[in-house]
Amino acid sequence: MANGKVDALLGIVFGDEGKGKVVDYFTPRYDIVARFAGGPNAGHTIIFEGKKFVLRSIPSGIFDEGKINIIGNGCVIAPDLFMKEAHELEDAGYTITDRLHISRRAHLILPTHRVLDRAYEAAKGKNKVGTTGKGIGPTYSDKAARVGLRVGDILENFEEKYLKLKARHEQILRDLHYTDYDITEEEKTWLEGVEYMRKFHLTDTEIEINKALAEGKSVLAEGAQGSLLDIDHGTYPFVSSSSTTAGGVCTGLGIAPNKIDRVWGIFKAYSTRVGSGPFPVELFDETGAEIRRIGHEFGAVTGRDRRCGWVDLVALRYAIMINGVTDLVMMKGDVLDGFDTIKACVAYEKDGVVTTDMPYDTEGWNAVYEELPGWKTPLSDLRKEEDFPQTFKDYIAYLEEKAGCRISIVSVSPDREATIIR
Ligand code: IMP
């Protein structure tokens with residue numbers, strides 16, 4: 001039997017590309033759906049059989065009864081939030097304990113990691129990252145410092161290990177003079193979550209995945225956040241703390257690079273960013289507000305307003321290169337229906353220097369735009385490419401040419417039938 005392959009589905013800008021919308025199309029084609037990075041900082045909104053779910057740690061294949069879902073070693077997991085998320089699925093009638101396998105190597109987010117997240121942010125003052133407050137950075141810091149707790153730790157002498165790491169965090173918090181917090185209630189639920197997690201298959205998922213691949217099974221590696229939030233390749237230090245790019249698929253699941261076949265890169269017909277950090281295409285005017293309103297651009301995890309702007313081809317080209325994107329997926333074209341002209345950022349400029357490559361320090365760069373005519377036609381009822389207005393077809397062709405990559409899927413409304421394969 002031929003070896004199976006891994007395809008990756010990645011948000012390639014600042015996250016929130018609307019991946020939840022296309023999983024309907026993707027998940028049925030795979031035997032296993034696996035998350036390889038991040039944790040409950042993600043919020044994948046999925047409408048399934050008329051019900052709305054926001055998945056944070058659990059992969060999107062969970063709605064498909066035949067699928068195995070994996071939370072890989074590259075992820076971090078908060079037992080209390082995981083329990084809440086899992087209960088919502090169980091209450092809706094999904095049986096998940098047999099089909100959700102969690103890597104013993106994934107790291108645990110403690111309640112004190114969340115307090116540390118707030119404390120570090122407070123200490124940064126005006127340079128704060130604008131994190132989701134879920135303890136992501138401190139958990140990955142402990143992983144790199146080799147003091148973190150892993151899922152496998154809950155199976156043996158857990159209390160002792162937990163108290164030791166908690167005491168270490170409390171000491172750091174005292175040193176930071178950040179003592180005004182109370183985790184009593186949170187800790188109770190967190191410990192219940194730890195107990196609850198024992199019901200699941202806590203396994204060596206890298207072995208499971210590689211065995212499945214050897215049997216010819218196929219795997220979808222489901223990304224979280226976006227490429228520009230990657231700890232190495234994003235707009236550091238305004239990034240998340242995991243490897244959100246294609247390289248993270250290998251390290252976060254324990255699979256070799258030559259197992260990766262297609263890399264689907266999801267982007268929106270415009271740009272958004274949540275939290276702080278450079279964003280050269282940001283629009284502070286009425287147009288930005290209009291995109292936010294029409295596109296419902298408010299954070300799924302924190303409810304914050306997303307910053308909005310035109311599509312950024314410097315960022316797209318960079319992400320296509322870093323990830324080896326084979327196919328682009330363009331979301332939310334319909335949000336731009338009403339605009340007379342559409343702009344696309346083709347370069348950045350600072351102090352007379354113009355670059356089309358992503359600069360090391362994205363701070364202080366201005367976007368250089370090209371202008372295209374708007375299509376001024378509602379797209380959301382269209383289901384076939386032939387029916388697209390010519391101006392929208394031209395926009396797609398323009399982006400493909402400038403990005404140097406094919407756009408294989410176009411989505412023009414939240415409706416599941418509005419996912420048009422090209
Ligand atoms: P953290 O991941 O909570 O540490 O947040 C670091 C940065 O990543 C902040 O700017 C967050 O707003 C951003 N971020 C984290 N997760 C997501 C996501 O799923 N979508 C969009 N932005 C995110």
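Looking at the stretch 277-284, is at least one residue within 15 Å of the ligand (Cβ to nearest atom), hydrophobic (A, V, I, L, M, F, W, C), over 16 Å from Ile342 (Cα atoms) and in a helix (DSSP H, G or I)? No, the conditions are met nowhere in the stretch 277-284.
Taking Gly66 as the residue in question, decide whether it is out of contact with any Gly (no Cβ under 7 Å at 6 or more places or on another chain), at pLDDT 95 or above and either among the small types (Gly, Ala, Ser) or buried (at least 22 other Cβ atoms within 10 Å of the Cβ) (or both). No. Of the residues that make up the stretch 179-187, is at least one at pLDDT 95 or above, hydroxyl-bearing (Ser, Thr, Tyr) and in a helix (DSSP H, G or I)? Looking for residues that are at pLDDT 95 or above, hydroxyl-bearing (Ser, Thr, Tyr) and in a helix (DSSP H, G or I), one finds at least one in the stretch 179-187, hence yes. Give me the pairs, please: first residue somewhere in the stretch 299-315 and among the β-branched types (Val, Ile, Thr), second residue anywhere and part of a strand (DSSP E or B) and more than 14 Å from the ligand (Cβ to nearest atom), beta-carbon distance under 6 Å, and either six or more positions apart or on two chains. Close Cβ pairs satisfying both conditions: Val311/Tyr270; Val311/Ala344; Val314/Tyr348. One residue alone among Arg292, Arg317 is basic (Lys, Arg), within 16 Å of the ligand (Cβ to nearest atom) and either within 18 Å of the chain's Cα centre (by Cα) or outside any strand (DSSP E or B) (or both), and that residue is Arg292. Checking each residue in the stretch 111-136 for being within 11 Å of the ligand (Cβ to nearest atom) and of a type in the set (Gly, Ala, Ser) picks out Gly130, Gly133, Gly135. Considering only residues that are among the hydroxyl-bearing types (Ser, Thr, Tyr) and away from the ligand (no atom under 12 Å from the Cβ), look in the stretch 9-46 and name the one that is surrounded by the fewest Cβ atoms within 10 Å (Cβ to Cβ). The residue in question is Tyr25.
So which residues in the stretch 380-403 are at pLDDT below 95 and assigned to a loop (DSSP other than H, G, I, E, B)? Scanning the stretch 380-403 gives Ser380, Asp381, Leu382, Arg383, Lys384.
Filtering the stretch 139-157 to residues that are buried (at least 16 other Cβ atoms within 10 Å of the Cβ) and either modelled with pLDDT under 95 or among the charged types (D, E, K, R) (or both) leaves Asp142, Lys143, Arg150, Asp153. For the stretch 97-110, taking the residues that are free of Cβ contacts under 8 Å to residues at least 60 places away in the same chain and part of a loop (DSSP other than H, G, I, E, B), the one that is surrounded by the most Cβ atoms within 10 Å (Cβ to Cβ) is identified as Ala106.
Quick one: which of Gly303, Gly309, Gly338 is under 24 Å from Glu400 (Cα atoms) and under 23 Å from the mean Cα position of the chain (by Cα)?
Gly309
Matching residues to (1) at pLDDT 95 or above; (2) among the acidic types (Asp, Glu); (3) more than 12 Å from the ligand (Cβ to nearest atom):
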site: Ser227; (1), (2), (3): yes, no, no
site: Val239; (1), (2), (3): yes, no, no
site: Gly247; (1), (2), (3): yes, no, yes
site: Asp312; (1), (2), (3): yes, yes, yes
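For the stretch 223-265, residues that are in a loop (DSSP other than H, G, I, E, B), closer than 20 Å to Ser57 by Cα and polar (S, T, N, Q) total 7.
With respect to being more than 14 Å from the ligand (Cβ to nearest atom) and either among the aliphatic types (A, V, I, L, M) or under 26 Å from Thr184 (Cα atoms) (or both), Val151 fits the description.
Filter the stretch 111-138 down to residues that are assigned to a loop (DSSP other than H, G, I, E, B) and of a type outside the set (A, V, I, L, M) and give me whichever is surrounded by the most Cβ atoms within 10 Å (Cβ to Cβ). Per the stated criteria, the residue is Gly135. Could you run through the stretch 158-215 and say how many residues are among the aliphatic types (A, V, I, L, M), surrounded by fewer than 17 Cβ atoms within 10 Å (Cβ to Cβ) and under 30 Å from Gly4 (Cβ atoms)? Total meeting the criteria: 2.
Looking only at the stretch 303-314, which residues are in a loop (DSSP other than H, G, I, E, B) and surrounded by fewer than 17 Cβ atoms within 10 Å (Cβ to Cβ)? Within the stretch 303-314, Gly303, Arg304 meet the criteria.
Taking residues in the stretch 277-297 that are of a type in the set (A, V, I, L, M), and partners anywhere that are assigned to a helix (DSSP H, G or I) and crowded, with 16+ Cβ neighbours inside 10 Å, the pairs with Cβ atoms closer than 6 Å and at least 6 places apart or on different chains are Ile294/Val335. Examine the stretch 69-86 for a residue that is modelled with pLDDT under 95, part of a helix (DSSP H, G or I) and within 13 Å of the ligand (Cβ to nearest atom), and state whether such a residue exists. No, the conditions are met nowhere in the stretch 69-86.
The values are calculated or read from the model by the stated rules, or taken from the named source; none is laboratory data. Predicted model, so just to flag it, every value in this text is computed and none were measured. Reconstructed Cβ throughout: ideal geometry from the backbone, glycine too, with neighbour counts over all protein chains shown.
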